[in-house]
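Worksheet for the structure shown next.
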Amino acid sequence: FGMMSYDPGYLNTASCTSRITDLDGAKGILRYRGYPIEQLAERSTFLDVVYLLFNGELPNAQQSTDWEQRITHHTMLHEKTKRLMGGFNYDAHPMGVFISTVAALSTFYPDAKDVNDPETRMLQACRLIGKTPTIASYAYRNSRGLPYIYPDNELSYTGNFLNMMYRMVEPRYQAHPALERALDVLFILHADHEQNCSTSAMRNIASSKADPFVSVAGAAAALYGPSHGGANEAVLNMLREIGTKDKVADYVKRCKSGEIRLMGFGHRVYKNYDPRARIVKQTADEVFEVTGRNPLIDVAMELERIALEDEYFVSRNLYPNVDFYSGLIYEAMGFPMEAFTVLFAIPRTAGWLAQWMELMEDPEFRITRPRQNYQGYGERNIPNDYRA
Ligand code: CMC
């Protein structure tokens with residue numbers, strides 16, 4: 001162990017240098033390439049934000065149009081992918097299907113193995129951004145026994161996704177523009193978040209020069225856990241379990257006793273309000289104007305009110321995080337609860353890929369290979385009566 005530093009959970013260890021996302025947890029600040037998340041959510045689009053994350057600058061009008069075409073060029077999935085996805089049971093969790101299908105894409109694009117070539121890297125990154133909504137919608141339609149809907153590149157990124165999800169019969173399902181925009185804003189908010197668990201997994205896997213499809217699948221697997229992206233689904237489960245406002249106080253008591261955690265609360269880095277949660281809450285109001293109010297919002301707001309006045313949560317700096325209100329929006333838009341974490345994975349794929357491209361260009365690039373604090377046996381001999 002000697003001179004090695006030991007930092008379980010990496011509370012105080014930087015794993016890389018990065019120029020992509022700046023997060024100040026004490027001040028509640030989040031910026032992509034220097035631009036505050038609030039400005040991006042208000043004035044930009046998800047695809048422009050992907051451009052920003054990948055290239056370092058926001059696109060001008062022409063670059064934005066070209067970029068959109070470049071991404072939508074890749075929205076189709078190989079026909080054989082459908083057979084793979086159709087092999088899953090109806091009740092297969094969409095995240096399991098998503099992770100498996102993204103990993104399977106590696107077998108369709110052997111050129112992705114050339115991870116040392118910058119042009120190849122950008123091509124695979126664009127492929128993944130184009131295909132993730134298609135995979136997510138096919139997973140949903142398979143679970144409902146519905147036919148798959150091909151991508152429609154005349155529609156916006158989120159409009160096309162909603163169309164592939166919900167179109168039942170002709171004429172074309174028309175997403176409400178306010179819902180299309182709300183989903184785009186949620187995608188912007190989820191696009192990157194520096195060295196979180198899944199992004200660290202991405203860098204870790206890719207540091208062995210594994211291709212981006214299997215690396216993204218591994219990152220998505222890390223996201224699946226309820227302490228990370230799986231929290232949005234867990235929050236809705238929790239709100240349904242509580243059911244009504246008058247049950248909130250009892251539930252909070254159980255959280256304080258350590259029996260359960262208040263899902264959608266707390267963050268490793270934010271010790272002040274999560275700036276994304278604030279925007280999600282505003283977006284919820286806009287969505288509910290179209291869809292009608294999700295009654296569970298009252299339970300959520302009561303939970304927040306009680307928790308923010310409670311010494312237990314205040315002293316530990318536990319505030320609502322991005323996952324606290326997002327599930328209520330997704331539910332109001334008609335997404336099934338199991339799909340919520342996939343709705344996190346689609347935009348976060350952009351962050352994973354931006355961080356991967358940065359890693360591959362890093363002059364300090366090395367395979368990730370931490371050491372350990374060994375506390376097991378010293379040398380000992382196998383007993384003579386072994387297997388006697
Ligand atoms: N409910 C109740 N108590 C909590 C919670 C919570 N949600 N989160 C932390 N605590 C307590 C914890 O028990 C500990 O108390 P004590 O000091 O008395 O032992 C203290 O706060 C510090 O907790 P920690 O586990 O050391 O904090 P961490 O930085 O390792 O964990 C976290 C961060 C996000 C995993 C945790 O806050 C949590 O489990 N939250 C609920 C799950 C969740 O909402 N996750 C989404 C995170 S944001 C988006 C994303 O990453 O996907």
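When you scan the stretch 271-285, how many residues do you find that are part of a loop (DSSP other than H, G, I, E, B) and either within 8 Å of the ligand (Cβ to nearest atom) or of a type outside the set (Phe, Trp, Tyr) (or both)?
Number satisfying all stated conditions: 3.
Can you tell me how many residues within the stretch 65-122 are under 22 Å from the mean Cα position of the chain (by Cα) and assigned to a loop (DSSP other than H, G, I, E, B)?
7
Can you say whether Ala104 is closer than 22 Å to Thr341 by Cα and open to solvent by 10 Å² or more (accessible area, probe 1.4 Å), as far as the supplied structure shows?
The answer is yes for Ala104.
Taking the stretch 37-55 as the search range and keeping residues that are open to solvent by 20 Å² or more (accessible area, probe 1.4 Å) and in contact (Cβ under 8 Å) with a residue 24 or more places away in the chain, which one is nearest to Phe161 (Cα to Cα)?
Thr45
Can you report the number of residues in the stretch 1-49 which are within 16 Å of the ligand (Cβ to nearest atom), among the β-branched types (Val, Ile, Thr) and assigned to a loop (DSSP other than H, G, I, E, B)?
1
In the stretch 201-263, which helices (runs of 4 or more DSSP H) lie fully inside it and hold 2 or more residues that are within 19 Å of Thr101 (Cβ to Cβ) and open to solvent by less than 40 Å² (accessible area, probe 1.4 Å)?
In the stretch 201-263, 212-224 are the helices (runs of 4 or more DSSP H) which contain 2 or more residues that are within 19 Å of Thr101 (Cβ to Cβ) and open to solvent by less than 40 Å² (accessible area, probe 1.4 Å).
Are there any pairs, at least 6 apart or on different chains, whose C-beta atoms fall under 8 Å, with the first in the stretch 357-372 and open to solvent by less than 70 Å² (accessible area, probe 1.4 Å) and the second of a type in the set (Lys, Arg), and if so, which?
Filtered contacts from the stretch 357-372: Met357/Arg121; Glu358/Arg19; Leu359/Arg203; Met360/Arg121; Thr368/Arg203.
Just to verify a result, which residue in the stretch 203-254, among those that are hydroxyl-bearing (Ser, Thr, Tyr) and within 15 Å of the chain's Cα centre (by Cα), is farthest from the ligand (Cβ to nearest atom)?
From the stretch 203-254, those hydroxyl-bearing (Ser, Thr, Tyr) are 207-208, 215, 224, 227, 244, 251; that's our starting set.
If we keep only those that are within 15 Å of the chain's Cα centre (by Cα) too, we end up with 215, 224, 227.
Values: Ser215: 19, Tyr224: 10, Ser227: 4 Å.
That would be Ser215.
Does Ala354 meet the test of being of a type in the set (Gly, Ala, Ser), under 18 Å from the mean Cα position of the chain (by Cα) and under 25 Å from Gly28 (Cα atoms)?
Against the criterion (of a type in the set (Gly, Ala, Ser), under 18 Å from the mean Cα position of the chain (by Cα) and under 25 Å from Gly28 (Cα atoms)), Ala354 qualifies.
For the stretch 149-180, which residues satisfy the criterion of being surrounded by fewer than 19 Cβ atoms within 10 Å (Cβ to Cβ) and either part of a helix (DSSP H, G or I) or touching a residue at least 40 places away in the same chain (Cβ under 8 Å) (or both)?
Residues satisfying the conditions are Tyr150, Asn153, Tyr166, His176, Pro177, Ala178.
Kindly indicate which of Phe288, Phe313, Phe265 is without any contact (Cβ under 8 Å) to a residue 60 or more places away in the chain and either more than 8 Å from the ligand (Cβ to nearest atom) or aliphatic (A, V, I, L, M) (or both).
Phe288
Considering Ser326, Ser257, which residue is farther than 28 Å from His93 by Cβ, among the polar types (S, T, N, Q) and more than 9 Å from the ligand (Cβ to nearest atom)?
Numbers: Ser326 fails: farther than 28 Å from His93 by Cβ.
Within the list Ser326, Ser257, the selection yields Ser257.
Condition check: at pLDDT below 95 and open to solvent by 30 Å² or more (accessible area, probe 1.4 Å). Does Leu296 satisfy that?
The answer is no for Leu296.
If you take the residues of the stretch 186-200 that are surrounded by fewer than 23 Cβ atoms within 10 Å (Cβ to Cβ) and part of a helix (DSSP H, G or I), which of them is farthest from the ligand (Cβ to nearest atom)?
Selected residue: Ser200.
Taking Tyr325, is it at pLDDT below 95 and part of a helix (DSSP H, G or I)?
Yes; evaluated as a whole, the condition is true for this residue.
The values are calculated or read from the model by the stated rules, or taken from the named source; none is laboratory data. Since this is a predicted model, take the numbers as computed values, not measurements. Quick reminder, even Gly has a Cβ in these numbers, built from the backbone with ideal geometry, and neighbours come from all protein chains shown. For the accessible areas, the whole protein counts, side chains as well, though only heavy atoms, and no ligand, DNA or RNA atoms are used. Shrake-Rupley method; radii C 1.70, N 1.55, O 1.52, S 1.80 Å.
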